[in-house]
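The values are calculated or read from the model by the stated rules, or taken from the named source; none is laboratory data. Note that the structure is predicted; figures quoted are calculated from it, not measured. Don't worry about glycine lacking a Cβ; one is built from the backbone with ideal geometry, like all the others, and counts go over all protein chains shown.
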Amino acid sequence: MTTLRDAPPRLERTGRRERDIRVTIIERVDSPADRVRPFGLAFAWGGALLFVFALAYFLYTYAFTFGENQQTSPAATAIGWDLGLFTAFALHHSVFARERVRQRVARIVPPSHERSFYVWIASTLFIGVCALWRPVDGVTWQVPPPFGWLLYGALVTGVWLSVRSAGVIDIWELAGVRQASAPNSQPLRSPNAQDRQVATPDSFGSSSTEHVGRWEFKTKGPYGVVRHPIYLGWFLMVFGVPTMTNTRLVFALVSCAYLLVAIPLEERSLRLASAGKYDEYIQSVRWRLFPGVY
């Protein structure tokens, strides 16, 4: 931060005349934001690392723990518990989207750290869902090789699609790191977290991006095929397994059902907030999730 102060006037002789010259001195003063920046960076990077750990923990849990055919409680009880568990995780999106909650958060969290605050909570809750998920006995399907490898191919494609889609957008803003690194910047504010996959500042300078104020809608890469490619990657990941235990099936059905409910709500928010630009994006990219189907 800079402050201005006037220096004492001095006289300058020019021939027989004297001029009164006043000089304004600009001083550099560290702002409070600058003083807390190291903590903010540590907070943001800690959230980003926790986000990566949460995804890695999910992949490990889904591949190994959920792949075991076991049961610790009656099926109805386990399914009811799992539904409640995932509902609690899903509700935090709605809670943090409320303006009253956002105002309360803004009182204790600087705007540059708001995204990191959300990442910490979402990642912690997701780890809790994976850790507390109750198994359901039974196997829905088991596809032997070589056809089973086709399902593994779908899983790998889902992982690649999610990573590729995250790479098209500003993944550092998604994790909250960029906001903390540049606290004076004005990051895009979207109705909720997942909206950022299609509405986010373009760091690539691509001509295939539509702008309205700070709203931008990607039509490059996977976003030129479907409007929610990260969700499509999720579907491929959770269903692309040769051995579908009932534990995996419940998780896949519950999580994908939540996404199907969330998509229309997110798009409605985007249409209201983007002054018609999202409607143009819909015309450019017809399909929401599955090309040729939905």
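A few notes on this one:
- Restricting attention to segment 134-181, the residues that are of a type in the set (D, E, K, R) and within 29 Å of Val226 (Cα to Cα) total 4.
- Among residues of segment 140-174 being within 22 Å of Thr219 (Cβ to Cβ) and of a type in the set (S, T, N, Q), the one that is surrounded by the fewest Cβ atoms within 10 Å (Cβ to Cβ) is Thr157.
- Set Arg115, Arg102, Arg107: member being of a type in the set (Lys, Arg) and in contact (Cβ under 8 Å) with a residue 40 or more places away in the chain: Arg115
- For segment 90-124, a residue qualifies if it is buried (at least 18 other Cβ atoms within 10 Å of the Cβ) and touching a Leu at 6+ places or on another chain (Cβ under 9 Å), and the qualifying residues are Arg115, Val119, Trp120, Ser123.
- Within segment 241-253, the set of residues being touching a residue at least 24 places away in the same chain (Cβ under 8 Å) and crowded, with 20+ Cβ neighbours inside 10 Å comprises Val241, Met244, Thr245, Thr247, Arg248, Val250, Phe251.
- Taken over segment 69-99, the criterion of being without any contact (Cβ under 8 Å) to a residue 24 or more places away in the chain and acidic (Asp, Glu) is satisfied by Glu99 alone.
Per-residue answers, yes or no, for (1) within 16 Å of Leu91 (Cα to Cα); (2) at pLDDT 90 or above; (3) among the charged types (D, E, K, R):
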residue	(1), (2), (3)
Phe251	no, yes, no
Ser255	yes, yes, no
Leu259	yes, yes, no
Leu265	yes, no, no
Arg271	no, no, yes
Gly276	no, no, no
Gln283	no, yes, no
Gly292	no, yes, no
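- Residue list for segment 266-279, filter: loosely packed, with under 15 Cβ neighbours inside 10 Å and either of a type outside the set (Gly, Ala, Ser) or closer than 16 Å to Leu161 by Cβ (or both): Arg268, Leu272, Asp279
- For segment 51-80, a residue qualifies if it is of a type in the set (A, V, I, L, M, F, W, C) and farther than 17 Å from Val250 by Cα, and the qualifying residues are Phe51, Val52, Phe53, Ala54, Leu55, Ala56.
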